[in-house]
Amino acid sequence: MKRWMVLPIVLLSVLWLISASWAQQNAPVVAPVTMIRAGVLIDGVSGSARRDAIITIRGNLIADVTDGGAIIPTNIPAGVTLIDLSQATVLPGLIDAHTHIFLQGEDPAEGGYDIQLLKYSLAFRAARATVSVRRALEQGFTTLRDMETEGAGYGDVGIKQAIEGGYIPGPRLFVSTRAISTTGGYPLEGYAPEIEVPKGVQIVDGPVEARKAAREQLDHGADWIKVYMTHRSWISKTGDLVSQPTLTVEELRAIVDETHGWGKKVACHAYGGEGLQRALDGGCDSIEHGLALTDAQIAQMVRQGTWLCATLNIYYEGWAPADTPAGQRDRKRASVHEESFRKALKAGVKIAFGTDIGGMPWTESIAQEFPRMVELGMTPMQAIQSATSRAAELLEMKGRLGAIVPGAYADVVAVSGDPLANIKILENVGFVMKDGKVFKNEIVLKGKLPN
Ligand SMILES: [Zn+2]
C-alpha cells in the first residue's frame, strides 16, 4: 500500500465507526407494550366513568386509551402483555399532597415527637422512611408531596434518589427537605434554655436569613419550600381557635420571591388568623390545613389561585378528654375545619388531596381521607380528582400524572367494586402499576363487576 493511501483509509474507517455507533444509538428502542383491559375506567380527568376501555402502555407511558374491552382477549397482538382488569375499576395512581415519610405517628406513650429528634439516628429514621414509602405505594399512592423531614435534614432527597435509582420501591416523591419557621415557632420546645436542642425545621429570623434558608434548601434538592406560618393552637378567652403567627409578610415574601425564581413553589402550614393572612399576603402557593378560613380569606384564595390542602381526617384523631383545654381545642379544630372546607369548596377554591400521614402511623389507611371529603360536600368524583388530576395540577404535572390519558406516566391502580358508589372502596387498592411496572396485582378476575 502506498503511504499516501493510509490516511484516507484511516479517516474513512473512523467515519464508518462513528456512523455505525450513531445508528446503533439511534435505532428505535422497542419498548415493551402492555394492554390493560378495564371493566370501568375513571381516568382522573373526565367527569364520568366509562365501561370496557383498553389502556395501551408503551414502556413507562400511556400510549392510547380506547373503547372495546370486550373484544380484546381474542385479539391480542404478539408480544403484548395483557392485564385483565375487566372485573375491576381502574384509576390513575393516587397522589397524596401532604405526607411525612420521616414521621411515624408520634405516640406520646412512646416518647412522642421529641424522641425522633433526640434519640433516633438518621439511619434509623431513613430505614423507617423506606417502609413508609412502600406502604404508600402498596395503597395505590404512586406520588407523594412530602411536606418536610421533621429534623431529618435532607433525608427525603436521599429516599427519592433511592426510589428513582430502583433500589427501593416507592412513589414519585416531591420533597420539601427541612422546612422553615422562626425562633419560638417550632419544636423541640420546653427544654431548659441552657440546653441547645435540635429543631424540627430550619429557624430563620429576618428576610435575609429567610431567603438564605430557601436558597440552601433549593440548592440541596427541595422541590417545594414548606413554611410554618402558624404555630400551636388554643382557644382564646372569646372562645375562638387561635394560633400564633410566625414569619412576617416580609420574611415570607423573601422566600416566595426566591423560590419562584427557581421555578418552584411554596407551601404554607397555616391554621388561621394573622398567620394565615400573612401567608396569603406573602404569596403562598398552597395553604396546608387552613382550619379557620374567613370568607375574605376564601375570596382571596380564589382570586390568587391559592390551593387548599386541608388534611381533614387527622384532626379527628387522638382527641384529648373533652373536659380538658386540649380536648376542647381538638374538638374546636375539627368543627371550624369542617365549616372552612365546606365554604372553600362552595366558593371554588382549588383543593388537593392531602392527609398528613406520618402525623398518624403509616399502618393507617391513607384513603380514609376520601370519605371525610365526601361527608363535607365533595362528590366521590371530585374527591377522586382531588387526588389525581387536581393534585397533578398543584404539582405542575398536568397531563403527566393523575390521569389515564395518552402521554401520561403509566401510573395505574385498580379496585374491586365501584368507588363512585362507595368511596371507601379506595381503601382496598388491589392493583398498582407505577411507571409502567406492576408493583402489586392481587385483583385480576377477583371481585364483582361494578354496576
Ligand atoms: Zn404536615
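Please work out if Asp323 is over 25 Å from Leu103 (Cα atoms), over 19 Å from the mean Cα position of the chain (by Cα) and of a type in the set (Asp, Glu).
Considered against the rule, which asks whether it is over 25 Å from Leu103 (Cα atoms), over 19 Å from the mean Cα position of the chain (by Cα) and of a type in the set (Asp, Glu), Asp323 comes out as yes.
This table checks each residue for (1) within 19 Å of the chain's Cα centre (by Cα); (2) aliphatic (A, V, I, L, M); (3) over 25 Å from Gly47 (Cβ atoms); (4) modelled with pLDDT of 95 or more.
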{"residue": "Phe341", "(1), (2), (3), (4)": "no, no, no, yes"}
{"residue": "Asp356", "(1), (2), (3), (4)": "yes, no, yes, yes"}
{"residue": "Trp362", "(1), (2), (3), (4)": "yes, no, yes, yes"}
{"residue": "Phe370", "(1), (2), (3), (4)": "yes, no, no, yes"}
{"residue": "Ala391", "(1), (2), (3), (4)": "yes, yes, no, yes"}
{"residue": "Leu426", "(1), (2), (3), (4)": "yes, yes, no, yes"}
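For residues that are over 23 Å from Ser389 (Cα atoms) and touching a strand residue (DSSP E or B) at 6+ places or on another chain (Cβ under 9 Å), scanning just the range 156-168, find the one that is surrounded by the most Cβ atoms within 10 Å (Cβ to Cβ).
Asp156
Being assigned to a loop (DSSP other than H, G, I, E, B) and surrounded by fewer than 24 Cβ atoms within 10 Å (Cβ to Cβ) is the filter here, so list the residues in the range 381-404 that pass it.
Leu395, Glu396, Met397, Gly399, Arg400
Could you figure out which of (1) small (Gly, Ala, Ser); (2) in a loop (DSSP other than H, G, I, E, B); (3) closer than 17 Å to Thr34 by Cβ isn't true of Ala414?
Answer for Ala414: the failing condition is (2).
Starting from residues that are within 13 Å of the ligand (Cβ to nearest atom) and part of a helix (DSSP H, G or I), keep the ones in the range 290-324 and report whichever is farthest from His231 (Cα to Cα).
Ranking the candidates gives Asn313 first.
Give the range 188-203 a look and list any residue that's farther than 17 Å from Glu288 by Cβ and either in contact (Cβ under 8 Å) with a residue 40 or more places away in the chain or surrounded by 23 or more Cβ atoms within 10 Å (Cβ to Cβ) (or both), or say none.
Those that are farther than 17 Å from Glu288 by Cβ and either in contact (Cβ under 8 Å) with a residue 40 or more places away in the chain or surrounded by 23 or more Cβ atoms within 10 Å (Cβ to Cβ) (or both): Leu188, Val197, Pro198, Lys199.
Test Asp96 against the stated conditions and say whether it is among the charged types (D, E, K, R) and buried (at least 24 other Cβ atoms within 10 Å of the Cβ).
Yes; evaluated as a whole, the condition is true for this residue.
Counting just the residues of the range 360-375 that are under 14 Å from Leu426 (Cα atoms) and surrounded by fewer than 21 Cβ atoms within 10 Å (Cβ to Cβ), which one comes out farthest from the ligand (Cβ to nearest atom)?
Ranking the qualifying residues of the range 360-375, first place goes to Val374.
Looking at Thr183, Thr142, which is the one that is touching a strand residue (DSSP E or B) at 6+ places or on another chain (Cβ under 7 Å) and without any contact (Cβ under 8 Å) to a residue 24 or more places away in the chain?
Thr183
Condition test on Leu61, is it modelled with pLDDT of 90 or more, within 16 Å of the ligand (Cβ to nearest atom) and under 24 Å from the mean Cα position of the chain (by Cα)?
So Leu61 fails the test.
Would it be correct to say that Ile287 is of a type in the set (Val, Ile, Thr), under 27 Å from Leu144 (Cα atoms), at pLDDT 95 or above and within 16 Å of the ligand (Cβ to nearest atom)?
Against the criterion (of a type in the set (Val, Ile, Thr), under 27 Å from Leu144 (Cα atoms), at pLDDT 95 or above and within 16 Å of the ligand (Cβ to nearest atom)), Ile287 qualifies.
Looking at (1) assigned to a loop (DSSP other than H, G, I, E, B); (2) over 28 Å from Thr130 (Cα atoms), which one does Glu364 not meet, given that it meets all the others?
The failed condition is (2).
Using beta carbons and a limit of 7 Å, which pairs, at least six apart or on different chains, have the first residue in the range 84-100 and in contact (Cβ under 8 Å) with a residue 40 or more places away in the chain and the second one of a type in the set (Ser, Thr, Tyr) and in a strand (DSSP E or B)?
Taking only residues 6 or more apart or on different chains, the pairs are Gly93/Thr142; Gly93/Thr143; Leu94/Thr142; Ile95/Thr143.
Take Met378 and decide whether it is away from the ligand (no atom under 16 Å from the Cβ) and assigned to a loop (DSSP other than H, G, I, E, B).
So Met378 passes the test.
Within the range 344-402, can you find the residues that are touching a residue at least 60 places away in the same chain (Cβ under 8 Å), small (Gly, Ala, Ser) and closer than 20 Å to Ala49 by Cα?
Within the range 344-402, Ala367, Ala387, Ser389, Ala391, Ala392, Gly402 meet the criteria.
Tell me which residues, restricted to the range 174-187, are out of contact with any His (no Cβ under 8 Å at 6 or more places or on another chain) and surrounded by fewer than 22 Cβ atoms within 10 Å (Cβ to Cβ).
Thr183, Pro187
Quick one: in the range 328-359, which of the residues that are touching a strand residue (DSSP E or B) at 6+ places or on another chain (Cβ under 8 Å) and part of a loop (DSSP other than H, G, I, E, B) is farthest from the ligand (Cβ to nearest atom)?
For the range 328-359, the residue satisfying everything is Val349.
List the pairs whose first member sits in the range 306-327 and is of a type in the set (S, T, N, Q), whose second member is away from the ligand (no atom under 15 Å from the Cβ) and not in a loop (DSSP other than H, G, I, E, B), and whose Cβ atoms are under 6 Å apart, counting only residues at least 6 apart or on separate chains?
Going by the 6 Å Cβ cut-off, the qualifying pairs are Asn313/Gln368; Asn313/Arg372.
The values are calculated or read from the model by the stated rules, or taken from the named source; none is laboratory data. Everything numeric in this text was worked out from a predicted model, so none of it was measured. Cβ atoms come from the backbone with ideal geometry, glycine included; neighbour counts cover every protein chain shown.
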